[in-house]
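A.B. asks: Before anything else, here's the structure in question.
Each value in this text was obtained by applying a stated rule to the coordinates, not by laboratory testing. If you're wondering where the values come from, they're calculated on a predicted model, not measured in any experiment. FYI the Cβ positions are ideal-geometry reconstructions off the backbone, even for glycines, and counts take in every protein chain you see.
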Amino acid sequence: MASDITNQLAITTLNDPQPSDANWKDGLKIPSKDSRVQTEDVTATKGLEFEDFYIKRELMMGIFEAGFEKPSPIQEETIPVALTGRDILARAKNGTGKTAAFVIPTLERINPKSTKTQALILVPTRELALQTSQVCKTLGKHLGINVMVTTGGTGLKDDIIRLGETVHIIVGTPGRILDLASKGVADLSACQTFIMDEADKLLSPEFTPVIEQLLAFHPKDRQVMLFSATFPIVVKSFKDKHMNSPYEINLMDELTLRGITQYYAFVEEKQKVHCLNTLFNKLQINQSIIFCNSTNRVELLAKKITELGYSCFYSHARMLQHARNRVFHDFRNGACRNLVCSDLLTRGIDIQAVNVVINFDFPKNAETYLHRIGRSGRFGHLGLAINLINWDDRFNLYKIEQELGTEIQPIPQTIEKKLYVYESPENIPRPISSAPAQNQQQEEDGARRSNQRQGDNRQGFQQNQNQNRRGGRYQGQPRGPPRNQNQQGQLNGFNGQRTPRPAPPPQT
């Protein structure tokens with residue numbers, strides 16, 4: 001009898017239709033492998049695999065279907081500690097995988113059967129909130145977890161309706177979430193995880209009072225995690241007051257990404273647009289982000305770029321929210337090659353296809369410069385940062401080099417393509433599925449309804465000035481044959497007639 005039972009069990013095991021541990025990945029829809037060269041910023045790992053973290057299989061399915069292969073250094077350091085519930089203070093370079101480093105353990109610890117909100121993720125900008133919420137939805141799509149994004153610029157009515165249903169994770173900007181919590185709409189009494197991305201910005205004087213009020217709505221034994229590339233002195237006071245013996249991670253042996261090559265060109269203000277035109281002609285740009293120091297200059301430059309014959313999007317804080325959302329979504333999906341913006345998009349925005357960042361206006365401080373150039377060279381890939389500077393910028397150039405411990409070189413006559421060009425740009429990862437477009441449209445519809453209800457007819461642009469000018473977009477006509485060099489002008493600092501770099505300011 002015993003032998004008959006043993007034989008039957010053996011037959012049952014061999015004929016089991018359920019997938020075994022060895023082949024559970026076979027049914028996954030894994031995207032094509034990203035074959036671009038990566039730097040040590042993301043490859044200098046301990047050799048761990050995602051399976052080594054012993055996380056739920058459904059979560060690993062979402063991770064692999066999102067195109068992740070192995071954890072980056074910040075993910076290796078953060079995920080095991082975060083899974084224990086310990087407070088974390090993590091500092092790592094831009095574009096090295098910080099978002100997934102806190103999203104993965106957060107998703108793992110969520111109980112989908114509970115109807116309570118269990119995690120709050122705070123970010124400083126609306127665009128970053130949309131991006132982070134999409135990462136949560138993409139990685140957790142097999143977990144049955146509900147993620148909600150809420151920011152200013154939309155009506156409270158839509159958020160109140162959504163919070164009437166089950167929401168496990170809330171992603172948003174501090175002011176809106178505090179408004180919802182103060183009104184008793186968002187119940188954070190069971191919210192065990194409190195995360196701040198771009199924590200240095202969130203702990204600036206404009207946000208700190210709001211952050212402290214939000215913490216009061218959380219249980220006392222909550223887990224607090226802070227992530228950023230830069231940590232000013234205010235972080236220490238917050239840590240001492242609100243964190244419990246945090247585990248500190250610092251992967252900033254150097255501040256700038258190794259894959260980004262930095263150049264400067266001395267250009268008179270009136271020559272900057274011509275220099276930009278030359279860069280467009282000479283460089284092999286996949287996508288570029290061009291930064292200005294003011295919202296007025298953003299729109300003016302976008303118009304100038306269109307007049308040169310290039311299609312161009314623009315984005316700044318004075319635009320309506322639905323217009324900003326649409327510009328961000330379309331640019332991220334490759335609808336346009338060039339985006340002109342203010343420092344609105346310096347924080348955390350991850351657009352894999354951007355290989356060139358141009359500072360049309362040179363930033364005033366090292367922190368802004370670091371976050372700007374970090375929009376290229378994402379996740380260990382290669383990129384260019386080109387700075388157009390005038391005589392008044394020379395002191396800032398020297399100061400930023402000293403503070404960041406980096407070298408910004410004079411731009412050569414020819415830039416080697418191996419420094420920033422991808423061999424197969426068609427293989428660059430885009431947003432994972434069609435879901436982002438659908439979710440994005442829902443967010444935009446909410447913003448549009450809100451603006452209609454409030455009777456807000458303000459525009460971030462003047463529609464009647466140009467027939468091709470739309471919210472955040474200038475649509476240029478197709479370019480004709482390239483202009484000859486005499487028409488473009490001999491541009492000092494780019495065409496081989498460089499002036500010597502001015503001497504650094506005297507030491508005081």
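A.B. asks: Give the cross-link partners of residue 201 among the lysines, using a straight C-alpha distance below 16 Å as the criterion and excluding same-chain residues fewer than 8 apart.
C.D. replies: In chain and number order, the partners are 93, 98, 236, 239.
A.B. asks: Let a ≥ b ≥ c be the square roots of the eigenvalues of the Cα gyration tensor of region 87-190; is it rounded (a/c under 1.5), or, if not, prolate (a/b larger than b/c) or oblate?
C.D. replies: oblate
A.B. asks: Would you list the P(r) distribution for region 33-250, with all Cα-Cα distances sorted into 5 Å bins from 0 and each bin expressed as a whole %?
C.D. replies: Taking every Cα pair in region 33-250, the percentages come to 1, 7, 16, 20, 22, 17, 11, 5, 2, 0.
A.B. asks: Based on the mean of other Cβ atoms within 10 Å per residue, sort peptides 54-61, 282-289, 230-237 so the most packed one is first.
C.D. replies: Listed from highest to lowest mean packing, they are 282-289, 54-61, 230-237.
A.B. asks: Defining a contact as two alpha carbons under 8 Å apart and six or more residues distant in sequence, what relative contact order in percent does region 126-199 show?
C.D. replies: The normalised contact order for region 126-199 reaches 30 percent.
A.B. asks: Let me ask something additional. Using only the Cα atoms of region 87-136, construct the convex hull and provide its projected area averaged over every direction, in square nanometres to one decimal.
C.D. replies: 4.3 nm²
A.B. asks: Shifting gears a bit: How far is it, in nm, from the label point at residue 237 to the one at residue 69 when both lie 7 Å from their Cα along the line to the Cβ?
C.D. replies: 4.5 nm
A.B. asks: Determine the relative contact order of region 33-250: mean sequence separation of Cα pairs under 8 Å and six or more apart, normalised by residue count, in whole percent.
C.D. replies: 25 percent
A.B. asks: Can you sort 68, 291, 194 from fewest to most other Cβ atoms within 10 Å of each residue's own Cβ?
C.D. replies: Listed from fewest to most nearby Cβ atoms, that is 68, 194, 291.
A.B. asks: To make sure I understand the rule: partners must be lysines, Cα under 22 Å from the Cα of residue 418, and not fewer than 8 residues away in the same chain. Which ones qualify?
C.D. replies: Output for residue 418: 33, 282.
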